[in-house]
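The structure under discussion appears below in the form of structure tokens.
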Amino acid sequence: MALWPFGKKKESAETTPEENVQDAPAAPVAPETSSVPEALRNLGEQPEVEVDPSVGEPDPEHDAINGETGPFDAGSVDIQDFDFSDFAKGVLDLGSIQVPLPQNSEVQVEMGEQGPRMLHVVTQYGRITPVAFAAPTSAGQWREATKEIAEGMRRDGLTVRVEKGPWGREVVGEANDRQIRIAGVDGPRWMLRMTMISPADRADDMRDLGREVIARTFVNRGDAPILAGSPLPVALPKQLAEQVQQAMAQRAAQQKNAQSGNVAPAQNPNQGNSANPE
């Protein structure tokens, strides 16, 4: 796997973001009842968080504008200036966040009662979930967020530890032969959070691939006033939006049939979901 830093784009024709993701299927899945999937919950003893390896050390300062690696600030750095073709098959453009899709990955849309709830990138090692948040001008939001994330994992019964990654703290939870790793980066008035979920025996590969994705991700904070801590708005590319509309129409039809007594066979909500490959 090619490691960062990476170079500027070669002189070649490029496809648009919509063309890049037009072949990536959107497979709606059932909503999760908490930030920790059912497969990672353990109702046994709830261990305390291990000692943070970066206690007493200053937070790393990430340069999202002039740095050699991302995540980059899309308001100041153009993703079109980079060549990620050795790593990615295309770019998933959600407006506020641009995520290069690793080779052999697909996009899945998690559905809620009111429509799309979360978007995941499913790979051969596990699932990556990118989310960007508005943040104040001063750094430190991710450092504070790790405390709440670790405590939430502990309440869900996971064995929790904090590791030191390329951008600082990464919170790692384990249960039932599954691992969830959450990494974050403070940028200019935004914070990027990447959640990586995988079987325990693929966790190291998932960690490495997730970090590669983070290093190539762009965040567009925009100029609209957004309360710090609120997720930045996303817009689905046309192809994904059409698939989501079809899924919502199918769900509405199934609910109508159920109410009229003409119950159609229930579809497995996880059909096609490769987030936890066996």
Which of Thr69, Thr137 comes first, and how do the rest follow, when ranked by fewest Cβ neighbours within 10 Å? Thr137, Thr69
Amide H of Ile97 versus every other amide H placed in the peptide plane: which residues, excluding those fewer than 5 positions away on the same chain, fall under 5 Å? Asn220
Which order results if Phe87, Phe72 are arranged by neighbouring Cβ count within 10 Å, fewest first? Phe87, Phe72
For a quick check: sort Lys256, Lys147, Lys89 by the number of other beta carbons within 10 angstrom, fewest at the front. Lys256, Lys147, Lys89
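To one decimal place, what orientation-averaged projected area in nm² is obtained for the convex hull of the Cα set of segment 104-188?
Here the figure is 7.3 nm², rounded to one decimal.
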Summed side-chain charge close to Ala134 - residues other than Ala134 whose Cβ falls under 14 Å, Lys, Arg +1, Asp, Glu -1: 0
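Every number here is computed from the coordinates shown, using simple stated rules; none is lab data. None of these values were measured; they are calculated from a predicted model. Cβ atoms come from the backbone with ideal geometry, glycine included; neighbour counts cover every protein chain shown.
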